[in-house]
Amino acid sequence: MTDNDYMRLALELAVKGRGRVNPNPMVGAVIVKDGRIIGQGWHKKYGELHAERNAFADCISRGENAEGAVIYVTLEPCCHYGKTPPCTEVIIENKISRVIIGSPDPNPKVAGKGVKILREHGIEVTEGVLREECDAINTVFFHYITTGMPYVIMKYAMTLDGKIAAYTGKSKWITGDAAREDVHKVRGALAAVMTGVGTVIADDPMLTCRSAGSRNPVRVICDTHLRTPLKSNVVNTTDTAKTIIATCVSNKEQHTPYIEKGCEIIVVSEHDGHVDLYALMQELGTRKIDSVLLEGGAEINWSAINSGIVSHVKAYVAPKLFGGSAAKSPIGGMGVESPDGAFIITSPEVRTIGNDILIEGVVKICSQE
């Protein structure tokens, strides 16, 4: 097997931590000696051992001695004390001869320092093996650790003629079972799911994850005037999933009924008559929420894209036609003045899911006001 082969195995291990390690990165590690894999591990859950330490624990359980071995790690080993000790220490203690790294760690506490420490201890370090693939699994982490704000994915389902509901407002269901299951997998991988109070009033969603083995994301409701019904699912199931209500209402007496039901209230400044979404993302970032799936209606979608908080778009397109000049499209608001002012989606990817089509890509231009 080649270096690339071992790194691919480390990548397969890393993604097993998806949805459980936030706001930490997904990391996998493989230890090889004399052409044999003697240990492997991944970061399984936030606050628990990192991939490298799990890989060395695997060595011990196999009765193997890692001295002189090579370790393949998808991300530069950490060199600072957090919830666990530095991984550089355990690598040095086990007398590893060579460390092969996929991605550099942009965390200012690491950012090349891990590599420097290893080399100072006489360990050979090779960087950038399958870097593109290793970078790709930690887009959320890289964004969060460098900006302090969540990585926001705007998701919507629409018909082939661009409608998110019929002219009557009915929208269940635009896409099929397979596409909806895919959405639940995305929910399970991200830290939070966000929508507007209008969606809560109209649909009374649970906003939980129904994929097997997944955990529920934090639910964030943007509610400028605090109109979320006290009988709604998101208010009455806080024992199942945490609910945060972001509002511009500062009157604590109005907060009390929600707090008594287990909701958390965040008071946010107002922008253009609504919750300031940019300020809300800054606040969520301080609470270690590294990612948000925006599942809202046309107006909050416009506010989000126009405020500059959206990094990625996932559009599920059903091969259906609704018609209707009054039927809503995915993004409302005033819109851009001309095609030159469009928000550009770069590197678009297209795949079929059941009978539906998923089109997704990264937002290139975000015009924060």
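When the Cα convex hull of the range 111-262 is projected onto planes of every orientation, the mean area is 14.1 nm².
When the surface is traced with a 1.4 Å probe over the full set of protein chains, W173 keeps roughly 140 Å² accessible. Under a model in which nothing but the beta-carbon of Lys, Arg (+1) and Asp, Glu (-1) is charged, the range 1-124 shows a dipole of about 400 debye around its Cα centre. Largest GNM mean-square fluctuation among P257, P339, P229, using the chain with Cα springs under 10 Å: P339.
If a/c stays under 1.5 just call it rounded; otherwise compare a/b with b/c (prolate if a/b is bigger, oblate if not). Do that for the range 246-291, with a ≥ b ≥ c from the square roots of the Cα gyration tensor eigenvalues.
Details: a/c = 3.04, a/b = 1.26, b/c = 2.42.
Oblate shape, in that a/c is at least 1.5 and b/c is the bigger or equal ratio.
Size of the range 1-142 from its Cα atoms: along the principal axes, largest to smallest, the extents are 36, 29, 27 Å.
Beta bridges per DSSP, both residues in the chain: antiparallel share near 40 percent.
Solvent-accessible area of H274, all protein chains in place: 100 Å² (probe radius 1.4 Å, heavy atoms, ligands and nucleic acids excluded). Relative to its Kirkwood radius, the Cα radius of gyration of the range 147-234 gives an Rg/Rh of 0.97. Here the ratio of the Cα radius of gyration of the range 189-265 to 2.2 N^0.38 Å is 1.05. Given their separation in residues at 0.36 nm each and the Cα-Cα distance between them, R351 and K172 gain 62.2 nm when the chain is fully extended. The phi-based Karplus calculation (6.51 cos²θ - 1.76 cosθ + 1.60; θ = phi - 60°) puts the 3J(HN,Hα) values of the range 24-31 at 7, x, 7, 9, x, 9, 10, 10 Hz, whole numbers, x for Gly and Pro.
Fully extending the segment from H121 to E270, taken as 0.36 nm per residue of separation minus the present Cα-Cα distance, adds 48.3 nm. Summed over the residues of the range 156-239 and divided among them, the accessible surface reaches 45 Å² per residue at a probe radius of 1.4 Å. Straightening the chain between D204 and I60 buys 46.7 nm, computed as 0.36 nm per residue apart minus the Cα-Cα spacing. Volume of the convex hull of the range 122-176 (Cα atoms only), normalised per residue: 160 Å³.
Report, in cubic angstrom per residue, the convex hull volume of the C-alpha atoms of the range 192-338.
Values: hull volume 21.2 nm³, N = 147.
Each residue corresponds to 144 Å³ of Cα convex hull volume.
On the beta carbon distance between F343 and K45, with R0 = 51 Å, the FRET formula returns roughly 0.90. Protein heavy-atom accessible surface, 1.4 Å probe, per residue over the range 1-88: 42 Å².
For D340, D276, what's the largest-to-smallest order of accessible area, 1.4 Å probe? Walk me through the numbers on the way to the answer.
Numbers: D340 150, D276 35 Å².
Of D340, D276, the descending order of accessible area is D340, D276.
Normalising by residue count, the range 270-369 has a Cα convex hull of 132 Å³ per residue.
The values are calculated or read from the model by the stated rules, or taken from the named source; none is laboratory data. Bear in mind the structure is a predicted one, so any value in this text is a computation, not a measurement. With ideal geometry, Cβ positions are generated from the backbone for all residues, glycine too; neighbour counts draw on all protein chains shown. Ligands, DNA and RNA are stripped out before the accessible areas are found, and what is left, the full protein with its side chains, is counted by its heavy atoms. Shrake-Rupley method; radii C 1.70, N 1.55, O 1.52, S 1.80 Å.
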